[in-house]
1. Can you order the peptides 64-75, 93-104, 24-35, 123-134 by their average number of other Cβ atoms within 10 Å per residue, highest first?
2. Calculate the FRET efficiency for Phe101 and Ala67 from the Cβ-Cβ distance with a Förster distance of 41 Å, rounded to the nearest 0.05.
3. Given a Förster distance of 41 Å, report the FRET efficiency between Arg58 and Ile23 from their Cβ-Cβ distance, rounded to the nearest 0.05.
4. Quick check: pseudo-label points 7 Å beyond the Cα along Cα→Cβ at Leu115 and Phe30, how many nm apart are they?
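Bear in mind that the values in this text are calculations on the coordinates, not laboratory data. Being a predicted model, the structure only gives us computed values, none of them experimental. No Cβ is skipped: glycine too gets one built from the backbone with ideal geometry, and neighbour counts run over all protein chains shown.
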Amino acid sequence: GREEIYMDARDIYEAADLQEVGIFMGGFIFFIMLVPALNLVGLNVNRISERSSEIGIRKAVGATEGAILMQFLIESILLTIIGALVAVGLALITTTLVARFTPLEPDLNWQTFLLAIGMGAFAGIVFGLPANLHVEVIFRD
C-alpha cells in the first residue's frame, strides 16, 4: 500500500550516494539559475535604457556618474533581495507541506535563509554590473 511506497522511497534515499547527487544537483541548479540571471541582466539594461531621460535630467542638475551608477546598482540589489525573500517564503510553505503530507522531515535553519538572501544580494551585484556599463555609455553621450 501507500506506506510501502514511502518506505521504499526512504530506503532509496538512505542508500543513495549523496555526494554524487549533490554534484548532479549543483550542476543542474547552476544551469537552471543561468536563465533567470541572464534575464536579470536584460531586465536591468532595458530598465536603464528606458530611463535615459531621467539620467539626462540627473546629469543636468549635477549628479555624478558614480551617484547614478550606485542608484542603479542598489535598485538591482533590492530587486534580487526581494526575489530571494519571496523564494524563502515559498521554501517555508513547501517544506511545511512536505513535512505535513509525507514522512520526510525537512530540516531548515536560519543560516540557510541568510545564505539565500546573501546570494540574492550577490546576484544583484554581479548581474547589475553589466547594466551599469550601459549607464556609463548613456552618461558619456
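1. 123-134, 64-75, 93-104, 24-35
2. It comes to 0.20.
3. 0.30
4. So the two model labels end up 1.7 nm from each other.
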